[in-house]
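Undergrad: Right, I'll just put the structure down here and ask away after.
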Amino acid sequence: MPYRLLCITAHPDDESGAFGGALLMAHRDGVETSLLCLTDGQAAHYRDGVEDGAALGKRRRAELAEACKVLGVTRHEVLHYPDGALPRQDFYALVGEMTARIRRIRPQVVLTFGGDGSVNLHRDHTMVSSAATAAFHWAGRAEFFPEQELEPYTPQKLYYSSAPFVTVRGRPELCNAPTVPYSLALDLGEFAERKMEAFRLHRTQAGVLERVKAIVEPLMATERYLLAAMPGRIDVRQDSGIFDGVVED
């Protein structure tokens, strides 16, 4: 079986902006890539003139599907959690949703946000980080969610995206907020422009890219990640790749 990777995000466009390079490189290497997105982004500030939330959600799901084709994502799924309100959802139920996907997909590697909330310190990103971390550790333990009737499965590596900058609309005082450090830097090379191509397919969010364009362009050639979990007592300075040390199963 090929290597398998699961990326867990909050909104359509997260997969391209935060994880696009890693997804493209994994696809190049023959990795089976899966994406789980918790919301369809109905509460977005940038809406491309779409006022109705359901209509915006439909548009953003379609944009995500287009972007996933560019990124070579094997499969993607969008759940129905409310955009902007993930911290108010039942934590155990949210972890259960993620645990079920881990047990079905059986990824050796899981990518998600760090607890800082990424480049915009978004509360949904922080909630995804917390729930995905719990799911990573609980999916292999039979005492959690036995009602799923799914075989427990333990992924081998968990990575957090490390934000290259912080910019929160209308909150310049947060630009120096503490963020997740990194242990691994991916030089995207030819994939840097492909990543931005995927992001630009999120047309309703064109205003986001325009707002941060001057910051993003000098940084688009690299993605950075923090190795957050792996079997054994690991010196993260020795990690040289997302699938470095992964054992086929």
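The values are calculated or read from the model by the stated rules, or taken from the named source; none is laboratory data. The model shown is predicted, which means the values in this text are computed figures rather than measured ones. Virtual Cβ from ideal backbone geometry, glycine too; neighbours counted across all protein chains shown.
Undergrad: Based on what the data block shows, is Arg211 surrounded by fewer than 20 Cβ atoms within 10 Å (Cβ to Cβ), part of a helix (DSSP H, G or I) and touching a Lys or Arg at 6+ places or on another chain (Cβ under 9 Å)?
TA: Working: surrounded by fewer than 20 Cβ atoms within 10 Å (Cβ to Cβ): yes; part of a helix (DSSP H, G or I): yes; touching a Lys or Arg at 6+ places or on another chain (Cβ under 9 Å): yes.
Yes; evaluated as a whole, the condition is true for this residue.
Undergrad: Does the range 2-9 include one or more residues that are modelled with pLDDT of 95 or more, aromatic (Phe, Trp, Tyr) and over 14 Å from the mean Cα position of the chain (by Cα)?
TA: Within the range 2-9, one or more residues are modelled with pLDDT of 95 or more, aromatic (Phe, Trp, Tyr) and over 14 Å from the mean Cα position of the chain (by Cα).
Undergrad: Those residues that are hydrophobic (A, V, I, L, M, F, W, C) and under 18 Å from Asp124 (Cα atoms), I need them from the range 81-109; list them, please.
TA: Residues satisfying the conditions are Ala85, Leu86, Phe91, Ala93, Leu94, Val95, Met98.
Undergrad: Can you go through Gly241, Gly170, Gly232 and tell me which one is small (Gly, Ala, Ser), assigned to a loop (DSSP other than H, G, I, E, B) and modelled with pLDDT of 95 or more?
TA: Gly241
Undergrad: Okay, next question. Taking only the range 125-143 into account, find how many residues are in contact with a helix residue (DSSP H, G or I) (Cβ under 8 Å, 6 or more places away or on another chain) and either farther than 16 Å from Leu79 by Cβ or not aliphatic (A, V, I, L, M) (or both).
TA: Number of matching residues: 7.
Undergrad: I'd like the residue in the range 86-115 that is farther than 23 Å from Pro155 by Cα and touching a residue at least 12 places away in the same chain (Cβ under 8 Å) and, out of all such residues, is surrounded by the fewest Cβ atoms within 10 Å (Cβ to Cβ).
TA: Ranking the qualifying residues of the range 86-115, first place goes to Pro87.
Undergrad: Can you name every residue in the range 119-145 that is of a type in the set (Gly, Ala, Ser), over 20 Å from Tyr3 (Cα atoms) and touching a strand residue (DSSP E or B) at 6+ places or on another chain (Cβ under 6 Å)? Steps first, answer last, please.
TA: Step one: of the range 119-145, the residues of a type in the set (Gly, Ala, Ser) are 129-132, 134-135, 139-140, 142.
Add one more test, that the residue is over 20 Å from Tyr3 (Cα atoms), and what stays is 129-131, 134, 142.
The answer is Ser129, and nothing else.
Undergrad: What's the number of the only condition in (1) among the aliphatic types (A, V, I, L, M); (2) modelled with pLDDT under 95; (3) closer than 30 Å to Gly245 by Cα that Val208 fails to meet?
TA: Result: Val208 passes all but (3).
Undergrad: Additional query: Tell me the residue from Pro146, Pro155 that is surrounded by fewer than 19 Cβ atoms within 10 Å (Cβ to Cβ) and either of a type in the set (S, T, N, Q) or at pLDDT 95 or above (or both), please. Spell out the reasoning first.
TA: On the way: Pro155 fails: surrounded by fewer than 19 Cβ atoms within 10 Å (Cβ to Cβ).
Exactly one residue qualifies, and that residue is Pro146.
Undergrad: Are any of the residues in the range 177-187 modelled with pLDDT of 95 or more, outside any loop (DSSP other than H, G, I, E, B) and under 20 Å from Gly41 (Cα atoms)?
TA: Looking for residues that are modelled with pLDDT of 95 or more, outside any loop (DSSP other than H, G, I, E, B) and under 20 Å from Gly41 (Cα atoms), one finds none in the range 177-187, hence no.
Undergrad: Follow-up. Tally up the residues in the range 185-199 that are within 17 Å of the chain's Cα centre (by Cα) and either of a type in the set (Asp, Glu) or surrounded by fewer than 15 Cβ atoms within 10 Å (Cβ to Cβ) (or both), please.
TA: Selection size over the range 185-199: 1.
Undergrad: So, one more: Check the range 44-66 and report whether any residue there is under 16 Å from the mean Cα position of the chain (by Cα) and farther than 30 Å from Arg171 by Cβ.
TA: Within the range 44-66 (the criterion being under 16 Å from the mean Cα position of the chain (by Cα) and farther than 30 Å from Arg171 by Cβ), the answer is yes, since at least one residue qualifies.
Undergrad: Can you report the number of residues in the range 116-139 which are of a type in the set (A, V, I, L, M, F, W, C), buried (at least 24 other Cβ atoms within 10 Å of the Cβ) and in a helix (DSSP H, G or I)?
TA: Summing the residues that are of a type in the set (A, V, I, L, M, F, W, C), buried (at least 24 other Cβ atoms within 10 Å of the Cβ) and in a helix (DSSP H, G or I) in the range 116-139 gives 5.
Undergrad: For the range 192-212, which residues satisfy the criterion of being out of contact with any Leu (no Cβ under 7 Å at 6 or more places or on another chain) and either among the aliphatic types (A, V, I, L, M) or under 21 Å from Gly117 (Cβ atoms) (or both)?
TA: Selection gives Ala192, Met196, Leu201, His202, Gln205, Ala206, Gly207, Val208, Leu209, Arg211, Val212.
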